[in-house]
Amino acid sequence: MKTLIVLAHPSIKDSKVNKRWIQEAIKYPDKFTIHDIYGEYPQEIIDVKREQMLIEVHGSIVLQFPIYWFNCPPLMKKWLDDVLLYGWAYGDDETANYKMKGKKIGIAVTVGGPEESYSKNGSIGFSMDEVLIPFKATIKYIGGIELPSFIFYDAVPETGDAKINESAKKYSDYVLNL
């Protein structure tokens, strides 16, 4: 089954890294469905049934977004709140066939700061693994299978094309090997 890449970038046309990653994924239309939720829902009114159907027909999911203030962009949070409903995504009945149970889910993020800032002794004081805990907890809570995260540091306008292209190759390997 194909992988659903749920892209949540408020300005993908101005992005350097996320846009480049998507250019890599587009090369494999038989492997990925790229779902740009900011492009799909400019009024931020999510078609929950459509989103749930998209999830159901894909074998795995990648949540892709830039980190904003140690969190996801607002529409990604709304998407999670609206789509991952009790009774569909998860619930109390251990025998029920909830749609997120056993679904493989990865997280691909870009971060504006350098990697060394994201450590106990760094300027942020927390690792990216710690910053991503709410997403990892969500995956666990809905019964999904957490895949390793893919993180790109120093995603700033000055980042050179060579570093971005290298990350795009690594991203391609990441999503192709989920």
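The values are calculated or read from the model by the stated rules, or taken from the named source; none is laboratory data. Just so it is clear, the structure is predicted and the values come from calculations on it, not from any experiment. FYI the Cβ positions are ideal-geometry reconstructions off the backbone, even for glycines, and counts take in every protein chain you see. Keep in mind that these areas ignore ligands, DNA and RNA; they rest on the heavy atoms of the full protein, side chains included. Shrake-Rupley method; radii C 1.70, N 1.55, O 1.52, S 1.80 Å.
Side notes on the structure shown:
- Qualifying residue in the stretch 85-102 (condition: within 28 Å of S167 (Cβ to Cβ) and out of contact with any helix residue (DSSP H, G or I) (no Cβ under 6 Å at 6 or more places or on another chain)): no
- Considering residues of the stretch 10-25 that are within 18 Å of T159 (Cα to Cα) and touching a strand residue (DSSP E or B) at 6+ places or on another chain (Cβ under 8 Å) only, the residue surrounded by the most Cβ atoms within 10 Å (Cβ to Cβ): W21
- Of residues in the stretch 26-78 being among the hydroxyl-bearing types (S, T, Y) and touching a strand residue (DSSP E or B) at 6+ places or on another chain (Cβ under 7 Å), the one surrounded by the most Cβ atoms within 10 Å (Cβ to Cβ): S60
- Residue ranges of helices (runs of 4 or more DSSP H) in the stretch 108-178 with at least 1 members among the acidic types (D, E) and under 15 Å from the mean Cα position of the chain (by Cα): 128-131
- Residue ID - surrounded by the most Cβ atoms within 10 Å (Cβ to Cβ), chosen from residues in the stretch 79-102 that are hydrophobic (A, V, I, L, M, F, W, C) and either modelled with pLDDT under 95 or outside any helix (DSSP H, G or I) (or both): M100
- Extreme residue, nearest to P66 (Cα to Cα), among residues of the stretch 153-178 that are of a type in the set (S, T, N, Q) and modelled with pLDDT of 95 or more: S167
- Top-ranked residue in the stretch 145-178 [being under 16 Å from V111 (Cα atoms) and of a type in the set (G, A, S); ranked as surrounded by the fewest Cβ atoms within 10 Å (Cβ to Cβ)]: G160
- Applying the criterion of being under 18 Å from G91 (Cα atoms) and of a type in the set (D, E, K, R) to the residues of the stretch 105-144, the residue that is least open to solvent (accessible area, probe 1.4 Å) is K136.
- Residue satisfying condition, being outside any loop (DSSP other than H, G, I, E, B), touching a Lys or Arg at 6+ places or on another chain (Cβ under 8 Å) and touching a residue at least 12 places away in the same chain (Cβ under 8 Å), within set Q23, Q64, Q52: Q52
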